[in-house]
Amino acid sequence: MTADAAHSVSERTVVADREAPLTGPGSDYARLSRSVRAAGLLRRRPGYYSVKIAVNLLLLAAGWAAFFLLGRSWWQLLVAVFLAVMFTQTGFIGHDAGHRQVSGSKRTDDLIGRIHGNLLIGLSYGWWTDKHRRHHAHPNQSGRDPDIGGRAIALTRDQARARHGIGSWLAGYQAWLFFPMLLLEGFHLHAAGVRTLLGRRGSTRAKLVDGALLAAHIIGYLAAVFLVLSPVQAVAFVLVQQGLFGVYLGCSFAPNHKGMPVLGEDEKSDFLRRQVITSRNIRGGWLTDLALGGLNYQIEHHLFPSMPRPSLRHAQEPVRAFCKQHGIAYCESSFVASYAQVLRHLHTIGSLRPELEY
């Protein structure tokens, strides 16, 4: 199979949508895809990922080495902050592997994803890839995108109006509670992966592999923390490390779609427009690229999920120019402005909740 053919199969796997074919021989997306492919932006970048993975593993190992060298000390809370950052950076590599960005080989990328997800940070790779592919197929579409179907935050008018009791109260203050709630995101992701492994869906072999690696992480992590630190220090370390991990990870993903147009469950749109109008890019330089793991190029990533991370910034200009030429809204914002939009949206939606009865 040629590289282009392999890319086409990968793209269809990630964003397959029976109602809106990925490409047609004369579609707008087909024309854009041909120009991007001709520019070499879909070629694998093995050198980049080899260095990226090696440096990330060295820094992660250095963090744990510092943890064991410091021993029973409250300075460990600084190590917890560092490891929260490194857990998120490790998660970004797992994300890239889940999209076949690293090698293009399902077996190799799944191995990289499971090591970085299950073993190194304790997130179920199998659970996440299933959920994330459904998100890519139907971004910001009510009833289809699992990322806007949660119970913690109301993201649509219908969700807000369906709230009652404590849920209605939370919706009313969700803009204020958004960042504090992200402190629980890491714990939520761990629990969601474990629940999925204990469920009936999925192949037995994949669940056994995921489960074994996940168990190795959880047992090793908790054993290290509670054997090295005092009980109070251990609890504080876990709360700080996992809490900040959740905040960093959540802050990296939240600006991408929240506050952007939400499509109805039965609303039809072609692939190109569906992906572009529901996504938001974040402006910035190399530091933004590093901090957000390439997710700041959300539009380009959604259009070409298997495009290697370092190629996304090069794809931005041709994609932006193509959208302008065809009258497609291309949203780009600063990090701070994007969160202003997100919080404003949460406040507006929260105000639609039913009034509490006393």
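The values are calculated or read from the model by the stated rules, or taken from the named source; none is laboratory data. Please read all numbers here as calculations on a predicted model, not as lab measurements. Here the Cβ positions follow ideal geometry from the backbone for every residue, glycine too, while neighbour counts run over all protein chains shown.
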Going by the structure shown, is Glu300 acidic (Asp, Glu) and buried (at least 21 other Cβ atoms within 10 Å of the Cβ)? yes
Among helices (runs of 4 or more DSSP H) entirely inside segment 36-120, those with 1 or more residues being over 17 Å from the mean Cα position of the chain (by Cα), closer than 21 Å to Val247 by Cβ and touching a residue at least 12 places away in the same chain (Cβ under 8 Å) are 46-70, 76-98
Which of the residues belonging to segment 335-352 are polar (S, T, N, Q) and crowded, with 16+ Cβ neighbours inside 10 Å? Ser338, Gln341
Which one of the conditions (1) crowded, with 21+ Cβ neighbours inside 10 Å; (2) modelled with pLDDT of 95 or more; (3) in a helix (DSSP H, G or I) does Pro255 fail to meet, given that it meets all the rest? (2)
Would you check if Leu198 is touching a helix residue (DSSP H, G or I) at 6+ places or on another chain (Cβ under 9 Å), modelled with pLDDT of 95 or more and on the phi < 0 side of the Ramachandran plot? no
Given the residues Val225, Val209, Val238, which is the only one that is surrounded by 13 or more Cβ atoms within 10 Å (Cβ to Cβ), more than 21 Å from the chain's Cα centre (by Cα) and within 20 Å of Gly98 (Cα to Cα)? Val209
Under 7 Å between Cβ atoms, which residue pairs at least 6 apart in sequence (or on different chains) link something in segment 240-251 that is in contact (Cβ under 8 Å) with a residue 40 or more places away in the chain and farther than 14 Å from Gln89 by Cα with a partner that is basic (Lys, Arg) and surrounded by 23 or more Cβ atoms within 10 Å (Cβ to Cβ)? none
So how many residues does segment 148-177 have that are surrounded by fewer than 20 Cβ atoms within 10 Å (Cβ to Cβ), in a helix (DSSP H, G or I), in contact (Cβ under 8 Å) with a residue 12 or more places away in the chain and in contact with a helix residue (DSSP H, G or I) (Cβ under 8 Å, 6 or more places away or on another chain)? 3
Suppose we filter Thr288, Thr278 for residues that are surrounded by 14 or more Cβ atoms within 10 Å (Cβ to Cβ), hydroxyl-bearing (Ser, Thr, Tyr) and under 30 Å from Gly47 (Cα atoms); which single one remains? Thr288
Under the condition of being assigned to a loop (DSSP other than H, G, I, E, B) and out of contact with any helix residue (DSSP H, G or I) (no Cβ under 6 Å at 6 or more places or on another chain), which residue from segment 124-139 is farthest from Thr204 (Cα to Cα)? Pro139
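Condition check ((1) closer than 22 Å to Tyr125 by Cβ; (2) part of a helix (DSSP H, G or I); (3) among the aliphatic types (A, V, I, L, M)) across all residues:
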position	(1), (2), (3)
Leu189	yes, yes, yes
Leu208	yes, yes, yes
Phe226	no, yes, no
Val232	no, yes, yes
Val240	no, yes, yes
Gly246	yes, yes, no
Determine whether Ser311 is surrounded by 16 or more Cβ atoms within 10 Å (Cβ to Cβ), in a helix (DSSP H, G or I), touching a residue at least 24 places away in the same chain (Cβ under 8 Å) and in contact with a Pro (Cβ under 8 Å, 6 or more places away or on another chain). no
